[in-house]
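Right, one structure below, let's go through it.
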Amino acid sequence: MTDAPLAPGRPPIGMTLAALLRADFTVLARTPQVLVTNLAVPIIFIVATSFGKRDFAEPGTLIGLALSYGTMSAGMLGYSTLVAQDRASGVFQRLRVTPTPSWAIMASRIVVQLVSAVVMTVLGVVVGSIAHGVVYEWHQYLAVLGVSLLGAAMFLCTGQAIVGLLRSPASVNAVGRVLFILLIISGILGSIGVLGDWFTVFSQWTPVGALTSLYAVAFGAAWSDATTAGAIMVPVYAVVCAFVGIRFFRWESR
Amino acid sequence: MADGAPSRDDVLSVDGLVVRYGSRVAVDGLSFSIGRGEIFGLLGPNGAGKTSTLSVIEGLQSPAAGTVLVDGQDAIRAPLAAKARLGVQLQASSFQPELGLEQLVRLYAGLYGLRLSGDGIRDRIEDAGLGDERAKRFKSLSGGQQQRFSLLIATLPRPLLMLLDEPTQGLDPQSRRQLWARIEGLRGEGGAILLTTHSMEEAQAVCDRIAIIDHGRLLATGSPAALIAEYREDPRVVRLARGEVTLEDVFIALTGSSIRD
């Protein structure tokens, strides 16, 4: 205890964010189940759907579904579970007694999830184009990246809403998983069209269906009613969930 | 260091603090101040309002009324400036379970604006007697080691005011001695310490001044010796004392002998 001042001023925000980001990226890298669910599963899905008969959906739709799964897994399950655990165990409390703005604690975690979505998207599109034998233009890569960031934002907001409304990590985990399964099933079944036209239209208005429609256009499909539904619903879901998540969020689990 | 209007030397000044949880009043108009280099004990039975008071100073809780100044910085209106002057050891600290001790020190150094080299980080961990554990994660440390690491993080910025919430709870005598040596070291550099404890012997031995609170109200304040002298003849104390009057006799006489949860 010899080289620091006794009455320090507030540290620069850049230094604070750098410290938080370094720690949060390390936490992500040291959580293997997150890497598996966020990265490996979408890639396996993309590769698996490239084998055999492939006429049930366009490659863009399949890659879009995989990317939707990845962004949803990271944002809705990974983010919400980690926040709930850190809140219950007192990690947030420890961070909040330092001269760190509360928004910086959350911003760092959100940035880490967005970067993870970008990595997952780049990998997914590269692997998808090889496995499905399709070639994409650079502007399509950019469009897909934009849709991924939009999707990641929507699912992070959904995750925030879940940790805003529920206190215990067990409840957050349980509700997150049930919602995850419902959304992914409705998205997949709607995209494939096996449950009829009514369900396909319904699915286009769900988070996964809306996002998959946007991915399809980013991959080169023509703009359709489904795309319009997606373009409306993704921001709507994001804004509503962000409002709920911020309004009802508590830093303590008690 | 009089308890009232803040003086220039006050590191902490709490005035008319009120904390409510719904209709329950946890802290009811509490006022006290702490000067530079002073070790101040906040004593009270369970539920007396100690942790609520600390929570407001730490910026974790908003009060219903009152002011809190840390080195002249308003801890309620400008909490970050106040927090930059604080070192905090919470009653139950928790750190990210995925990070090792070195990574945690690097993180918290960054949050206090300290640039520490790898050697600097290792030296700090070594100083805390955790050199062999530096690659470990917080959860895998023993209780005493966890307390030492929490204290290391709390003292990292060489704070002007340390807040210690029951710092010796669960520590063996050796760890307790080491903790007090580190606290004395901080005091020697001009820092002040506000601590809560249930150990009256400890408070009597280490605190320059104490405040006894109950139901969120200040019952008595002064040096342990002054309080003992003041209440020595009090009939409640006389009834309790077995031989030499102790701080514990005064404490129980003022707060009652019923058990609190």
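Observations on the structure shown:
- Among residues of segment A:27-40 that are within 12 Å of A:A74 (Cβ to Cβ), those with a Cβ under 9 angstrom from a residue that is small (G, A, S) and open to solvent by 50 Å² or more (accessible area, probe 1.4 Å), sequence gap 6+ or separate chain, pair up as A:L35/A:A29.
- Residues (touching a residue at least 40 places away in the same chain (Cβ under 8 Å), more than 9 Å from chain B (Cβ to nearest Cβ), open to solvent by 10 Å² or more (accessible area, probe 1.4 Å) and of a type outside the set (K, R)) located in segment A:89-113: A:S102, A:A107, A:I110, A:V111, A:Q113
- The single residue among B:L130, B:L90 that is away from chain A (no Cβ under 11 Å) and of a type outside the set (S, T, Y) turns out to be B:L130.
- Out of B:D249, B:D208, B:D234, one residue alone is open to solvent by less than 70 Å² (accessible area, probe 1.4 Å), within 19 Å of B:L12 (Cα to Cα) and acidic (D, E). It is B:D208.
- The helices (runs of 4 or more DSSP H) falling completely within segment A:11-82 that include 1 or more residues that are modelled with pLDDT of 85 or more map to A:13-29, A:41-48, A:59-72.
- In segment B:46-62, residue farthest from B:I76 (Cα to Cα) [restricted to those that are open to solvent by 20 Å² or more (accessible area, probe 1.4 Å) and assigned to a loop (DSSP other than H, G, I, E, B)]: B:N46
- Answer from A:S253, A:S186, A:S191 - the residue that is outside any helix (DSSP H, G or I), modelled with pLDDT under 90 and of a type in the set (S, T, Y): A:S253
- Verdict on B:R177 being closer than 23 Å to A:T98 by Cα and either at pLDDT below 95 or of a type in the set (V, I, T) (or both): no
- The condition of being under 14 Å from the mean Cα position of the chain (by Cα), under 24 Å from B:L42 (Cα atoms) and more than 10 Å from chain A (Cβ to nearest Cβ) holds for only one of B:D172, B:D165, that being B:D165.
- Looking only at segment B:21-72, residues that are among the basic types (K, R) and either modelled with pLDDT of 95 or more or in contact with a helix residue (DSSP H, G or I) (Cβ under 8 Å, 6 or more places away or on another chain) (or both) come to 0 in all.
- The conditions of being at pLDDT below 90, assigned to a helix (DSSP H, G or I) and on the phi < 0 side of the Ramachandran plot are not met by A:L156.
- Matching entry among B:F32, B:F95, B:F40 (being within 30 Å of A:R30 (Cα to Cα) and open to solvent by less than 10 Å² (accessible area, probe 1.4 Å)): B:F95
- In segment B:206-261, the residue that is nearest to B:E184 (Cα to Cα) out of those that are charged (D, E, K, R) and part of a helix (DSSP H, G or I) is B:E248.
- Some residue of segment B:104-115 being modelled with pLDDT under 90, within 20 Å of A:G90 (Cα to Cα), open to solvent by less than 60 Å² (accessible area, probe 1.4 Å) and more than 10 Å from chain A (Cβ to nearest Cβ): no
- When B:L218, B:L240 are checked against the criterion of being more than 15 Å from the chain's Cα centre (by Cα), open to solvent by 60 Å² or more (accessible area, probe 1.4 Å) and closer than 30 Å to B:R20 by Cβ, B:L218 stands alone in meeting it.
- The residues on offer are A:S191, A:S186, A:S148, and the sole one that is more than 19 Å from the chain's Cα centre (by Cα), farther than 24 Å from A:A23 by Cβ and in contact (Cβ under 8 Å) with a residue 12 or more places away in the chain is A:S191.
- In segment A:205-235, the residues that are touching a residue at least 40 places away in the same chain (Cβ under 8 Å) and aliphatic (A, V, I, L, M): A:V208, A:L211, A:L214, A:A216, A:V217, A:A218, A:A221, A:V234
- Of all the criteria given as (1) part of a helix (DSSP H, G or I); (2) open to solvent by 30 Å² or more (accessible area, probe 1.4 Å), the one not satisfied by A:V134 is (1).
- Checking B:A84 against (1) over 30 Å from B:S140 (Cα atoms); (2) out of contact with any strand residue (DSSP E or B) (no Cβ under 7 Å at 6 or more places or on another chain); (3) not charged (D, E, K, R), the condition it does not meet: (1)
- Near pairs, Cβ below 7 angstrom, 6+ apart or cross-chain, from segment B:179-201 (more than 21 Å from B:Q145 (Cβ to Cβ) and open to solvent by 30 Å² or more (accessible area, probe 1.4 Å)) to any residue that is at pLDDT 85 or above and not in a strand (DSSP E or B): B:R187/B:G37; B:E189/B:R158; B:H198/B:E166
The values are calculated or read from the model by the stated rules, or taken from the named source; none is laboratory data. Quantities reported herein were computed from a predicted structural model and do not represent experimental measurements. Using ideal geometry, Cβ is built from the backbone for each residue, glycine included, and neighbour counts are taken over all protein chains shown. Calculation scope for accessible area: heavy atoms of the full protein, side chains included, ligands and nucleic acids excluded. Shrake-Rupley method; radii C 1.70, N 1.55, O 1.52, S 1.80 Å.
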